[in-house]
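What follows is a single structure, written as structure tokens, with notes after it.
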Amino acid sequence: MDYFIKNTKDLLYDRPLHTTTGFSSITQNIGSMRNTGFEFNVESHNIMNDRFSWDTQFNISTIKNKLTSLIDEKPIPVGNHVLQVGQPIGSFYMYKMDGIYQDNQEVPEKLYAKGVRAGDIKYADKDNDGDLTPADKEIVGKPLPDFFGGLTNRFRYGNFDLTIFNTFSVGNDVYATGMGGIDAVGHNNYGMRKDIAANRWTGPGTNNSIPRAMISTHNTQASTYLLHDGSYFKFKDVTLGYTLPSNLTQKLNISNMRVYLSAQNLWTISSYPGYDPEVSYSVNNSKTMGEDAMTVPQLRTFVCGFNLTF
């Protein structure tokens, strides 16, 4: 097991500038950050005999990231994220959904004047001013997982062999920005997911998590409505092989022959409603870190082949 602490200073970043400068941003050293965590690896030979064997390899890593200093010590909002001292880099910064307005009497006067009605999303009013403003945004999640790793099991029975490789990630959030179109419930002419259309709010008490069908920019604000748990457990690779008996390979004038069938990205266990929680993860851009723009998921592929040794 290894434990690590890494301090990084003079972070380069495109810091946003006011429009009056004539420039959108400037690249400069904005601060420092710290990464801490551990890496653990273990290998075991669970069963070993002439007919059957079972080996396991397991690895798990954790990483805790936080910004330790920023220029002027002021938070820097970046898209749907924020850079803030004491918080993980790229933390999600948006409105927090607090249910659905069930009747018009619940709607604050200022929002009612803007067209908000029963069936629209209720956002947490952080500053208690009865309105929806950028001051109501807050840190609501993080794109980095609490821990991640892999698991490999290898089985052999006679001439057959089976290898199952799994990967997992736990504790990261994914903002399904690409699903904003199909989950907007009537805001545009995109298609709509069946469960969203069937379970949307249609009257008091019918739903407290999916808004009404209505053309309204109020319901399309960046919020926890589209923020989901991105944890997953994947069957990344499953391979079944068979090695021909030596008496048969000798007749074929070869020393060894193995045929196999392999499947990649066979199955993903996750509560994430999008295509693939893994492809949404970007470690290189804190502006889109952990955002899923409905990227094409990793393809499920099947391969059949053989290995020959002469």
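What FRET efficiency do you get for Ile215 and Asp127 if R0 is 30 Å and r is their Cβ-Cβ distance, rounded to the nearest 0.05?
Efficiency, from the Cβ-Cβ distance: 0.60.
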**OP:** Once you have the Kirkwood Rh of the chain from its Cα pairs, apply Stokes-Einstein at 10 °C and 1.306 mPa s and quote D in µm²/s.
**Re:** 68 µm²/s
Original post:
If you take the charge dipole of the chain about its Cα centre, with +1 on Lys and Arg Cβ and -1 on Asp and Glu Cβ, which of Leu266, Ile5, Thr206 is farthest toward its positive end?
Top reply: Leu266
Subject >> Virtual spin-label span in nm between Ile47 and Arg258, 7 Å along Cα→Cβ >> reply: 2.0 nm
**OP:** Just name one of Phe38, Asn166, Thr220: the one whose Cα is farthest towards the positive end of the charge dipole of the chain (beta-carbon charges, Lys/Arg +1, Asp/Glu -1).
**Re:** Asn166
**OP:** Compute the relative contact order of the chain as a whole-number percentage, counting only Cα pairs closer than 8 Å that sit 6 or more residues apart in sequence.
**Re:** 14 percent
Original post:
Using a Gaussian network for the chain with springs between C-alpha atoms less than 10 Å apart, which of these wobbles most: Gly79, Gly99, Gly158?
Top reply: Gly158
Subject >> segment 41-51 - phi-based ³J(HN,Hα) in whole Hz, Karplus 6.51/-1.76/1.60, Gly and Pro as x >> reply: 10, 9, 10, 9, 9, 6, 9, 9, 8, 5, 9
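How large is the helix-only mean residue ellipticity at 222 nm for the chain, computed as the sum of -39500 (n - 2.57) over DSSP H runs with n ≥ 4, divided by its residue count, in deg cm²/dmol to the nearest 500?
-1000 deg cm²/dmol
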Original post:
How large is ³J(HN,Hα) for each residue in segment 222-235, as worked out from phi by the Karplus curve 6.51 cos²θ - 1.76 cosθ + 1.60 (θ = phi - 60°), to whole Hz, x for Gly and Pro?
Top reply: 4, 8, 6, 4, 10, 9, 10, 5, x, 5, 7, 9, 10, 8
Original post:
Can you give the % of DSSP beta bridges in the chain that are antiparallel, to the nearest 5?
Top reply: 95 percent
**OP:** Could you please rank Tyr175, Tyr157, Tyr93, Tyr275, placing first whichever residue has the fewest other Cβ atoms within 10 Å of its Cβ?
**Re:** Tyr157, Tyr275, Tyr93, Tyr175
Subject >> segment 1-127 pair-distance distribution - Cα-Cα, 5 Å bins, rounded % >> reply: 2, 8, 11, 11, 9, 9, 10, 10, 9, 7, 5, 4, 2, 1, 1, 0
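Give me the Kirkwood hydrodynamic radius of segment 137-260 in Å, from all C-alpha pairs, to one decimal place? Write out the running numbers ahead of the final one.
Values: mean 1/r = 0.0519 Å⁻¹.
Result for segment 137-260, one decimal place: 19.3 Å.
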Original post:
So for the pair Leu248, Gln28, with labels modelled 7 Å out along Cα→Cβ, what separation do we get in nm?
Top reply: 7.2 nm
Original post:
Could you give me the ³J(HN,Hα) list for segment 243-258, computed from phi with Karplus coefficients 6.51, -1.76, 1.60 and θ = phi - 60°, whole Hz, x at Gly and Pro?
Top reply: 9, 5, x, 5, 5, 7, 5, 5, 5, 8, 6, 10, 8, 7, 9, 10
Subject >> Amide H contacts under 5 Å for Gly37, placed H, 5+ residues apart >> reply: Phe4, Lys64
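Pairs of alpha-carbon atoms within less than 8 angstrom and 6+ residues apart define the contacts here; what relative contact order does segment 1-125 have, in percent? The partial results should precede the final answer.
Details: 226 pairs, mean separation 20.6, N = 125.
Once divided by the residue count of segment 1-125, the mean separation gives 16 percent.
So for Leu240, Leu252, Leu70, fewest C-beta neighbours within 10 Å to most, what's the order?
On the way: Leu240 15, Leu252 11, Leu70 20.
Ordered from fewest to most neighbouring Cβ atoms within 10 Å, Leu240, Leu252, Leu70 come out as Leu252, Leu240, Leu70.
Name the trypsin sites (Lys or Arg not before Pro) in segment 50-108 that are in a loop by DSSP and that have at most 12 other C-beta atoms within 10 Å, would you? Kindly include the intermediate steps, with their values, before the conclusion.
Working: sites: Arg51, Lys64, Lys66, Lys96; in loops: Arg51, Lys96.
Filter output for segment 50-108: Arg51.
Coordinate-derived values only; no laboratory data. Everything numeric in this text was worked out from a predicted model, so none of it was measured. Cβ: placed from backbone, ideal geometry, glycine included. Neighbour counts: every protein chain shown.
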